[in-house]
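What follows draws every value from the coordinates through simple rules; no lab data is involved. For clarity, every value in this text was computed on a predicted model and none was experimentally measured. Reconstructed Cβ throughout: ideal geometry from the backbone, glycine too, with neighbour counts over all protein chains shown.
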Amino acid sequence: MTNKTARPAAAPQHDLLPLPDRQADRVTVLLPLPVPLPVGEGYDYRVPAGMDLREGDIVEVPLGKRHMVGVVWRLGGSGEVPEARLKDVAAKLDAPPLPEGLRRFVSWVASYTLAPPGAVLRMAMSVPAALEPPKPVVAYEATPGFDAEALRPTPARRRVLSFLADTPPLPAAEIARQAGVSAGVVKGLAEAGALRPVLLPPAPPPPLPDPDLKRADLAPDQATAAAALAEAVGQGYRATLLDGVTGSGKTEVYFEAIAATLKAGEQVLVLLPEIALTPHWLERFEARFGCRPTEWHSELTQAQRRDNWRAVAEGKAGIVVGARSALFLSFPNLGLIVVDEEHESAFKQEEGVTYHARDMAVVRAYLAKIPIVLVSATPSLETMANVENGRYQRVSLPDRFAGAALPMIQAIDMRAHRPPQGRWLSPPLVEAVRGTLAAGEQALLFLNRRGYAPLTLCGACGHRLACPNCTAWLVEHRLAGRLQCHQCGHTEKLPDHCPACDSDEGFKAVGPGVERIAEEVMQLFPDARFALIASDTLGGPAAVAEMLRSVRDREVDILIGTQMVAKGHHFPMLTLVGVVDADLGLVGGDLRAAERTYQLLHQVAGRAGRAEHPGRVLLQTYDPGHKVIQALVEGDRDRFLEAEADDRRRAGMPPFGRLAALIISGADKNLVEAVALRLGRSAPRNLPGQTEVRVLGPAPAPFAVLRGRHRFRLLLQAPRGVNVQALLRHWLAQAQIPHAVRVTVDIDPYSFL
Ligand code: ADP
Ligand code: ZN
Ligand code: ZN
C-alpha cells in the first residue's frame, strides 16, 4: 500500500509509553485490509478537536483518495509520523465498539496464522452495513386492487406475484431470491405499479431465551456432569472436554451450562461444524429455552447478517449458534463457548486466513477469561493430549440415556462374502436389511461418496474422464445427468464420443457412489421406500429438515447417505447401519486418516438403536484386521486413541510435534517450481540448536493442478517447543516471491492435498 500521509506506525513499546489519561490527540487505526502491514499495528491519524475516541471505536478515516472504516487499535499513535503529514480521523461511527477481548483475539490469530492483522480484522467486521445505525427497511408488497393480469405477466413475474400473495412484505433482493427470479423482474413489477414499497421498522431485538423454561430431568451422571459445567460459569478460563458416548445426552447436559450463563446475564456462543446439524439442534434449543437462538452461518441473507451482527454487538443476542466464523462476532459480554463435535475437521478453515476454529475458540475463551466446553463422543487426539497433560478437565457420560444399549458392531469380510458382479452390497448385509424391513424397522446404508460413480472410463480404450482444471477424475452424477469435478465444481455432459479415441462405444462407470447404491436398493427391495441424502441431492437446510422429518415419521424404510446422515440425528426406529465401504477413508491416507475414519464410522454407527430397539452395525471391509475396524468391533475407543497417540508421538507428529505447510501456486508451472525450489534451498534446516526442525519438499501437491493453478508443497515439522511462526517469518521475509506466485502458509495443516 502506498500512502504518503497515513504512514504505518512503528512497532509499539507498550511498557515504555505512559498511558495517556488525557484525551489522545493521535490514534493508531487498524483497517480491515488483507495486506501485510509494513510495520507496527496500523496507521496513525490525528484526532480532531471535540472528538473523543477510545480503543475499539469504529472510525472512518481517509486512505489515499478514498475513505475506509477501521478500528481504533491504540490511543496515542506511534509518534513516528510528523505532525504535518498526519490526516484527521473523518468520523466516529455510531456503532458498538470492538470489545477488548475481540481485539486481542484478532491480534493473536494474526500472529499465530501469519495472516495480516487486517485480514483477520476483516472477519470481525464482515458486515459493513451493521456498522451503520439501523435504518427502516424498504420492502415490497403486491399493490392492493392492482390488476396484474392486465400486464400479461411473464412466468417469472407470475412467480413473484403468487409468492407475494401469501408472504409479508420483503426487501426486493429477498423476493428475487426466494421466488427464484432476477432482481430486474421485481424492479420491473414495481415500476409497472404491481408492487408498492412499504417501510418496515428496523429488526426487533432477538427474543430472550428463558433458562428455566423446560429443564430436562437429568439422569444422575448427567446431573453430575451438568453441575461440573455450570460451576465453571463466571469462574474465569477453564477448558472442559464433555466426553460421552453417542446418545448419552451431551446436548441436554451442556444446555445446563448455557442456562447458567444466561442467568448470569452473559452471552453464549455455540459452534457447530455443519449447518446440516442445525434444524434438529434448533428445535431442541427452542423446546428447552422457548425461542430460537441467533444464527450465524453462510445461509443467512444480507439483512439477517446485518441484524444478527448488530444484535450480538449490542449485547441483545443472548445466545448465538453458528459455524466457525461466529468466533469473530463482536460479543461485548461473552460468558461461555461450546464447541460441539469438537473433533470435526470441518472446523478447519482452508481458504483465506487458515485457522482451526476449535483451537482458536480455546484461545478466545482464554483471552476473554471464560469457560469453554468441547463436546464429542470421539475426541480428537489434540484434545485427548490436553486432557492427559492436565490442561483440560474431562467430564464423562459413559452410558446412553434411558438405558438404550450401544449398537453391536460386526465386520463383514468382503473377501469371503463377495457381492455379485456389478453389485456392492454383500449377501450378509442384504439379508440383514431384509430382516430389518420385515421387523418394521429402518436401515441406513452409508457410503461417503456423492454421485453415481467416482470414475468413468471409455469402453473402447479405457481413457479416464478427468477435470480440465484439476488433477482429479470427473464424478458421474446420474440424477443430474452430468459429470462433476469435486475439487473445483466444473461440470460437463457425458460426451458422445471418447475424447481420446473418438469411439462412440460408450462409457463404463467404475465403483459406487450413493446414487449407484440407491439403484441397487431399488432392484433388491422394489417395495421399500428409500431416501437419498447427500449434499448435492438436497436443496437447502429446509429440504434437509423435511427429509429428516420424513425419516423420523417413518415415511422411509431405507436411508442411503453420505456423511450428511452421520451427524447428530436421532431416529428411534433406525436399527441397522450398513457401511458399504469401511476402508474408504483409509486408503492413500494422510496423518489423520485412521483417526478420521474411526470418528466418522463411530458416529455413523451411533445412529443405530438410539431408542428401545437395539441396534446393529455391519462394516463391509476387505481388511477386517485393520486397527480402525478392530477398535470399532471391539468397542475399545481409548485403546485405539492410545495406539494412535503412540504412533504420532514416535513420529513427532501432531499433537506431539508441530507442522506447518507452505503451498506455492500459480498459473506458470516453471515459475512456481522455481520459487518452490528456491524456498526449499533457503529452508530453516539444521539451525544451530534446532537440529530437529525438518523441512520436507518441495514436491508437487497431490492435486498438482487445482482450478488451473499449479501447486507445490513444503512441509515444516518441528518439536512442540519450537516457535514455528518465528522460523517461518524469518524464512519468508528473505524470499523474493514474484507477484504471479502465491505462497500460502497453513499452520497445523489438516489437508495435505
Ligand atoms: P448425544 O448428543 O450425547 O448423542 P443427545 O443429547 O442427542 O445425545 O441425547 C440423545 C437423546 O436422548 C435425545 O433425544 C435427547 O432428547 C434424549 N435425552 C437425553 N437426556 C435426556 C433427559 N435427561 N431427559 C429426556 N431426554 C433425554
Ligand atoms: Zn476411448
Ligand atoms: Zn476441477
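So for Val587, Val362, Val373, fewest C-beta neighbours within 10 Å to most, what's the order?
Val587, Val362, Val373
Computed FRET efficiency, Cβ-Cβ of Ala439 and Asp646, R0 56 Å: what is it to the nearest 0.05?
My answer for the efficiency is 0.85.
Could you tell me how far the Cα centroid of the range 504-524 sits from the Cα centroid of the range 79-135, in Å?
First find each Cα centre; the distance between them is then 53 Å.
Measuring from label point to label point, each 7 Å out along Cα→Cβ, what is the Thr491 to Gln523 span in nm?
Using points 7 Å along Cα→Cβ, the separation is 2.6 nm.
Using the 10 angstrom Cβ neighbour count as an exposure proxy, how do Val106, Val89 rank, fewest first?
Val89, Val106
Please name whichever of Thr294, Leu93, Leu483 sits farthest to the positive end of the charge dipole of the chain, dipole taken about the Cα centre and charges placed at Cβ: Lys and Arg +1, Asp and Glu -1.
The residue sitting most towards the positive pole is Leu93.
In what order do Leu465, Leu189 fall by count of nearby beta-carbon atoms within 10 Å, going from fewest to most?
Leu465, Leu189
Quick check on the range 570-678: take the gyration tensor over C-alpha atoms, sort the square-rooted eigenvalues as a ≥ b ≥ c, and tell me if it's rounded (a/c under 1.5), prolate or oblate.
The shape class here is prolate.
Taking the alpha-carbon centroid of each part, what is the distance from the range 396-455 to the range 699-753 in angstrom?
Between the Cα centres of the range 396-455 and the range 699-753 lies a distance of 41 Å.
Express the relative contact order of the chain as a whole percentage, based on alpha carbon pairs under 8 Å and six or more residues apart in sequence.
Computed value for the chain: 10 percent relative contact order.
All other residues with a Cβ under 9 Å from the Cβ of Ile372 taken together, and with Lys, Arg as +1 and Asp, Glu as -1, what is their net charge?
Net local charge, Ile372 excluded: +2.
Applying 1/(1 + (r/R0)^6) with R0 = 22 Å to the Cβ-Cβ distance of Arg678 and Ser111, what FRET efficiency is obtained, to the nearest 0.05?
Efficiency, from the Cβ-Cβ distance: 0.30.
With the Cα gyration tensor of the range 349-468 giving a ≥ b ≥ c as the square roots of its eigenvalues, does the rule (a/c under 1.5 for rounded; else a/b larger than b/c for prolate; else oblate) give rounded, prolate or oblate?
oblate
Given a Förster radius of 45 Å and the C-beta distance between Arg554 and Asp25 as r, what FRET efficiency does 1/(1 + (r/R0)^6) yield to the nearest 0.05?
Rounded to the nearest 0.05, the efficiency is 0.05.
Grab the Cα-Cα distance for Lys508 and Ser162, subtract it from 0.36 nm times how many residues apart they are, and report the gain in nm with one decimal.
Gain on extension, Lys508 to Ser162, equals 120.0 nm.
Which lysines have a Cα less than 27 Å from the Cα of Lys369, not counting those fewer than 8 places away in the same chain?
By straight Cα distance, Lys369 reaches Lys250, Lys263, Lys316, Lys348.
To the nearest 20 debye, what charge dipole does the range 366-514 have about its Cα centre, counting +1 at the Cβ of each Lys and Arg and -1 at the Cβ of each Asp and Glu?
Around 340 debye, computed over the range 366-514.
Quick one: dipole size for the chain, taken about the Cα centre, charges +1 on Lys/Arg Cβ and -1 on Asp/Glu Cβ, in debye to the nearest 20.
Approximately 1800 debye in magnitude.
Just to confirm my understanding: which cysteines in the chain have no other cysteine beta carbon less than 4.7 Å from their beta carbon?
Cys291, Cys488 - these cysteines have no disulfide-compatible partner (Cβ-Cβ under 4.7 Å) in the chain.
I want the local charge near Val387. Using Cβ-Cβ distances under 12 Å, sum +1 for each Lys or Arg and -1 for each Asp or Glu among the other residues.
Neighbour charge sum, excluding Val387 itself: -3.
Going toward the positive end of the dipole of the chain, with +1 on Lys and Arg Cβ and -1 on Asp and Glu Cβ, which of Val675, Gln222, Leu200 do you reach last?
Result: Val675.
Only sites in a loop by DSSP and with at most 12 other Cβ atoms within 10 Å count here; which GluC sites (Glu not before Pro) in the range 456-548 make the cut?
Glu505
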